[in-house]
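Structure record follows, encoded as structure tokens.
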Amino acid sequence: MKKIPEDQLFDLAMFYKVFSDETRLKILFVLIDQSYCVGDIAELTGVSPSAISHQLRTLRQLNLVKVTKVGKEVYYTLSDHHISIILEYGLNHICEKREENETENE
């Protein structure tokens with residue numbers, strides 16, 4: 001087994017912990033294709049703007065989203081393409097397992 005430094009294991013655990021919250025996942029999926037401000041993210045996800053702001057702070061701290069300021073508006077986007085790949089792979093895995101289970105139960 002590859003020896004991974006403890007600090008990297010900690011960072012990796014924190015990285016995956018972010019994906020355990022449904023609101024954060026909603027935000028990340030909204031940001032896959034486009035940048036949005038807090039109000040737009042709130043509207044698209046059905047979550048209050050204050051809850052969106054709180055979760056965006058966490059996502060920024062872990063470098064999953066980045067900020068662009070346009071005048072007084074602040075827009076959020078995914079920090080890089082790796083995030084969308086992780087989301088896509090995770091969703092594909094879930095969908096495949098559900099299909100397998102449905103086929104087994106028929």
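Values quoted throughout were computed directly from the atomic coordinates according to the rules given, and no laboratory measurement underlies them. None of these values were measured; they are calculated from a predicted model. Don't worry about glycine lacking a Cβ; one is built from the backbone with ideal geometry, like all the others, and counts go over all protein chains shown.
Remarks
- Ordered by the count of other Cβ atoms within 10 Å of each Cβ, fewest first, LYS69, LYS3 give LYS3, LYS69.
- With helices as the sole contributors, the chain gives -20000 deg cm²/dmol at 222 nm; each DSSP H run of n ≥ 4 counts as -39500 (n - 2.57), and the sum is divided by every residue.
- Sites ASN63 and GLU102, calculated FRET efficiency, Cβ-Cβ separation with R0 35 Å, nearest 0.05: 0.40
- Residues GLU73, GLU43, sorted so that the one with the fewest Cβ neighbours within 10 Å comes first: GLU73, GLU43
- For the chain, the longest principal axis of the C-alpha atoms and the axis of helix 49-61 are separated by about 70°.
- Hydrodynamic radius by Kirkwood, which averages 1/r over all alpha carbon pairs of region 5-106, in angstrom: 14.9 Å
- Sorted by Cβ neighbour density within 10 Å, fewest at the top, the residues ASP40, ASP11, ASP33: ASP33, ASP11, ASP40
- Degrees between helix 81-104 axis and first principal axis of the chain (Cα, 0 to 90, nearest 10): 40 degrees
- Couplings 3J(HN,Hα) for region 38-47, derived from phi with the Karplus relation 6.51 cos²θ - 1.76 cosθ + 1.60 (θ = phi - 60°), are 4, x, 5, 4, 4, 5, 5, 9, x, 10 Hz, where x marks Gly and Pro.
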